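Since the structure comes first, as structure tokens, the remarks are kept for the end.
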Amino acid sequence: MTQQAGLNTLCVHSARSPDPTTGALAAPIHLATTFQRDADGAYPRGYRYSREGTPNRDALEGCVAALEGGCGALAFASGLAANMAALELLEAGERLVAPHEAYYGTKKQFTAHAQRRGAGLHFADFCDPDAVRAAVAGGARLVWIETPTNPLLNVVDLRRVIASAHEAGALVVCDNTFATPVCQRPFDFGADLVVHSGTKYLGGHSDVLSGLLVVRNDGALLKRLRDWQSMSGAVLGPFDCWLLRRSIATLALRVRAQCAGALAVAGFLAAHAAVERVLYPGLPQHRGHTVAAAQMPGGFGAVLSVCVAGGEAAAVGVAARTRLFTRATSLGSVESLIEHRASIEGPNSPTPRNLLRLSIGIEEPADLIADLAQALQ
Ligand SMILES: *Cc1c(COP(=O)(O)O)cnc(C)c1O
């Protein structure tokens, strides 16, 4: 399969073909932990022990590498396990430059890992490319990007930030969980590594905890990370790999529908009297809209946040009255979710108290809008 194939085609066909022994179209799930050697001791089929690799993991990793346009991918037991593999590249005395605004679990990892390892950690405002340029000027081994940000939906200028990071000699990691390769391809802008919480859009059905780490083009780096994957042992099991690969067949269909729904919902909310502010890069009035339009050709994503007029109690009340939207954390699934973020992020959360984060599913946008209309009344 070449990169020229369209996205839906890649989603269906990448690293997938009928089972050679039975002709089955659905891939078999190989639960084996160990694989037979030939009489001479060789492993001609490429599999030895399942921590090192399995047929279902190969199928998933090959597919995600093709979708992102990378040379290889590694599947982990969660998004945070994939992050840890990337953070392993940071040695004692080296510096990590990371955004103030990142997934809060990731920020906790930055602080804990840098401290334990004796590495430097510098937080910067990644929505200001000049601030990142200044932060990396002192040298950096890793620069971590997340765009759009969670839950404020700010946009990081990939071209400018990656250029500054590379001038400083850093490797750039981009968390592409929110955008997915359907909306944004960080490798087109020179990112060196992409991480995903596969738990979100890649899985898409709120039923597989998983993470992916993708390498753009550096074979030696891929080998080093693959060794870490096997050594750390935090690999994704065969059934989870199978579920994820199966879900990715509909990734582009789902995400495109979810983006269209998010744009419709954002437009409705922006015009509503009970709403103070809508944060969604697809709205022309959003401060990152121009940059987002240039670097997210496939859509603006399907997560948006809304600040409800009347403060925290009003926001919590809206979430309490929705019927189609489920009150739950996480995002990216076929069902729409609504969440009061500040209360899950804890006492030091910088998130506005009246902010609700919405993850738009694949329901009819008109039904979602009707649900929000009654909840906002
Ligand atoms: C959920 C999430 C993670 C963490 O992934 P898990 O699969 O929950 O470990 C990391 N980054 C972003 C942007 C996320 O949304």
Quick check on Leu212: is it within 22 Å of Glu146 (Cβ to Cβ) and not charged (D, E, K, R)? yes
Give just the number: which of (1) within 26 Å of Lys223 (Cα to Cα); (2) in contact (Cβ under 8 Å) with a residue 24 or more places away in the chain; (3) within 16 Å of the ligand (Cβ to nearest atom); (4) out of contact with any helix residue (DSSP H, G or I) (no Cβ under 8 Å at 6 or more places or on another chain) does Glu68 not satisfy? (4)
Residue count for region 248-287, restricted to those that are open to solvent by 10 Å² or more (accessible area, probe 1.4 Å), in a helix (DSSP H, G or I) and of a type outside the set (Phe, Trp, Tyr): 10
Residue among Ala24, Ala32, Ala59, Ala39 that is open to solvent by 60 Å² or more (accessible area, probe 1.4 Å) and either part of a helix (DSSP H, G or I) or at pLDDT 95 or above (or both): Ala39
Conditions (1) in contact with a helix residue (DSSP H, G or I) (Cβ under 7 Å, 6 or more places away or on another chain); (2) surrounded by fewer than 20 Cβ atoms within 10 Å (Cβ to Cβ); (3) not charged (D, E, K, R): number failed by His340: (2)
Consider Ser78 against the criteria (1) away from the ligand (no atom under 16 Å from the Cβ); (2) polar (S, T, N, Q); (3) within 20 Å of Trp242 (Cα to Cα): it satisfies all of them except one. Which criterion is unmet? (1)
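Matching residues to (1) more than 16 Å from the ligand (Cβ to nearest atom); (2) open to solvent by less than 60 Å² (accessible area, probe 1.4 Å); (3) within 27 Å of Val278 (Cβ to Cβ); (4) within 23 Å of the chain's Cα centre (by Cα):
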residue: Ala92; (1), (2), (3), (4): yes, no, no, no
residue: His113; (1), (2), (3), (4): no, yes, no, yes
residue: Ala119; (1), (2), (3), (4): yes, yes, no, no
residue: His122; (1), (2), (3), (4): yes, no, no, yes
residue: Val155; (1), (2), (3), (4): no, yes, yes, yes
Test result for Leu31, closer than 20 Å to Leu193 by Cα, of a type outside the set (Val, Ile, Thr) and in contact (Cβ under 8 Å) with a residue 12 or more places away in the chain: no
Verdict on Ala98 being hydrophobic (A, V, I, L, M, F, W, C) and away from the ligand (no atom under 12 Å from the Cβ): yes
When you scan region 288-317, how many residues do you find that are in a helix (DSSP H, G or I) and open to solvent by less than 10 Å² (accessible area, probe 1.4 Å)? 3
With the requirement that a residue be of a type in the set (Phe, Trp, Tyr) and within 16 Å of the ligand (Cβ to nearest atom), what does region 157-194 give you? Phe178
Residue tally, condition small (Gly, Ala, Ser) and either assigned to a strand (DSSP E or B) or in contact with a helix residue (DSSP H, G or I) (Cβ under 8 Å, 6 or more places away or on another chain) (or both), over region 210-241: 4
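The values are calculated or read from the model by the stated rules, or taken from the named source; none is laboratory data. Because the structure is predicted, anything quoted here is derived from the model rather than measured. Neighbour counts are summed over all protein chains in view; Cβ atoms, including those assigned to glycine, are modelled from backbone coordinates with ideal geometry. The area values use the complete protein model at the heavy-atom level, side chains included, leaving out ligands, DNA and RNA. Shrake-Rupley method; radii C 1.70, N 1.55, O 1.52, S 1.80 Å.
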